[in-house]
Each structure stands twice: as structure tokens, then as C-alpha cells.
Amino acid sequence: MINKTIFSSVLALLILSSAMLFAQKAPKGTPLIMKTSGQCEMCKDRLETAFAYEKGVYSSSFDIETKEFTVYYNPKKTDPDKIRKAVNAVGYDADDTKADPKAYSKLPGCCKKPDDPAHRKH
């Protein structure tokens, strides 16, 4: 009887702990999803690296397929307009805001817009 109780308790504990290990934790912060002019793996690296150091940002990810940049942020420390301007400062459009021309000119050819004569494919 005691062995069954101990076995049941250990089994329940193992199931609970493995469920906690595999459960996906929701990202921290308020999400902002914006369309960008980014288009390749280098764009992804540039955006995500720049936002690793952006004040008030918890995390970010760029989806190459959809060209959507998702930023999870603390609304007490930043806001969507500041985030879009930070994307522009890296050299990319963010929704309706245009990339900073100086930053855009420094992007590699593969990161330039397809209609730009300086655009180069990988």
C-alpha cells in the first residue's frame, strides 16, 4: 500500500516536472508587430542584434517570410513610435516610417530594397 502511494507520488511529480520543462513560456512585455523592409538573414541579424541593446525592449524577432519584426517591450520605458524610429535608425522601414537614409546607405547590397539599383542577391 505504501509502495503504491510512493510510486504514484513519484510518477505524478515526474509528469508535472516534465510538463513544466516542455511548456512554452509566454514572452515578457507588450508585443509590437510591424512590417519592415528587411528581407534576408543578414537583416534578421542586424535588427535582432540592435534591439538586444534597445532600452525598454525585452526581446525581438524578425520573420524573414512575412517581413514582420516583433518586439516585446516595457511600455513604461519605451513606446511604439520610439521602437519604429530605432528600426529606422538601423536602416529599415518600419510600417509607414521610412529608414534613415544614412543608415540605409550603409546596409549591404543584399539588405537593400529590391527596387534599389544597389540591391544584390545572396
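The values are calculated or read from the model by the stated rules, or taken from the named source; none is laboratory data. The model shown is predicted, which means the values in this text are computed figures rather than measured ones. Heads up, the Cβs are rebuilt from the backbone with ideal geometry, glycines too, and the neighbour counts pull from every protein chain shown. All accessible areas refer to the heavy atoms of the entire protein, side chains included, with ligands and DNA or RNA removed. Shrake-Rupley method; radii C 1.70, N 1.55, O 1.52, S 1.80 Å.
For the stretch 41-56, a residue qualifies if it is open to solvent by less than 10 Å² (accessible area, probe 1.4 Å) and either over 10 Å from Tyr92 (Cα atoms) or of a type in the set (Lys, Arg) (or both), and exactly one does: Phe51. Is it the case, given these coordinates, that Ser37 is open to solvent by less than 80 Å² (accessible area, probe 1.4 Å) and either more than 16 Å from Thr70 (Cβ to Cβ) or modelled with pLDDT under 90 (or both)? So Ser37 fails the test. Which of the residues spanning the stretch 57-106 are open to solvent by less than 70 Å² (accessible area, probe 1.4 Å), touching a strand residue (DSSP E or B) at 6+ places or on another chain (Cβ under 7 Å) and on the phi > 0 side of the Ramachandran plot? Result: Asp95, single match. Contact annotation: residue pairs with Cβ atoms under 8 Å, 6 or more positions apart or on different chains, pairing a residue in the stretch 27-43 that is more than 14 Å from Tyr58 (Cβ to Cβ) with a partner that is among the small types (Gly, Ala, Ser), are Met34/Ala94; Lys35/Ala94; Thr36/Ala94; Ser37/Ala99.
Any idea how many residues of the stretch 83-102 are touching a residue at least 12 places away in the same chain (Cβ under 8 Å) and farther than 14 Å from Met42 by Cβ? Give the steps one after another, and end with the answer.
Just the residues of the stretch 83-102 that are touching a residue at least 12 places away in the same chain (Cβ under 8 Å), to begin with: 83-95, 97, 99-100.
Filter once more, keeping what is farther than 14 Å from Met42 by Cβ: 83-89, 93-95, 97, 99-100.
Going through the stretch 83-102 one residue at a time, the tally reaches 13.
Pairing residues of the stretch 62-76 that are within 19 Å of Lys28 (Cα to Cα) with residues that are of a type in the set (A, V, I, L, M) and surrounded by 14 or more Cβ atoms within 10 Å (Cβ to Cβ), at Cβ distances under 6 Å and at least 6 apart in sequence or on separate chains, gives Phe62/Leu47; Phe69/Met34; Phe69/Leu47; Val71/Leu32; Val71/Val57; Val71/Ile83; Tyr73/Val57. Candidates are the residues of the stretch 1-29 that are open to solvent by 50 Å² or more (accessible area, probe 1.4 Å) and under 13 Å from the mean Cα position of the chain (by Cα); the one that is modelled with the highest pLDDT is Lys28.
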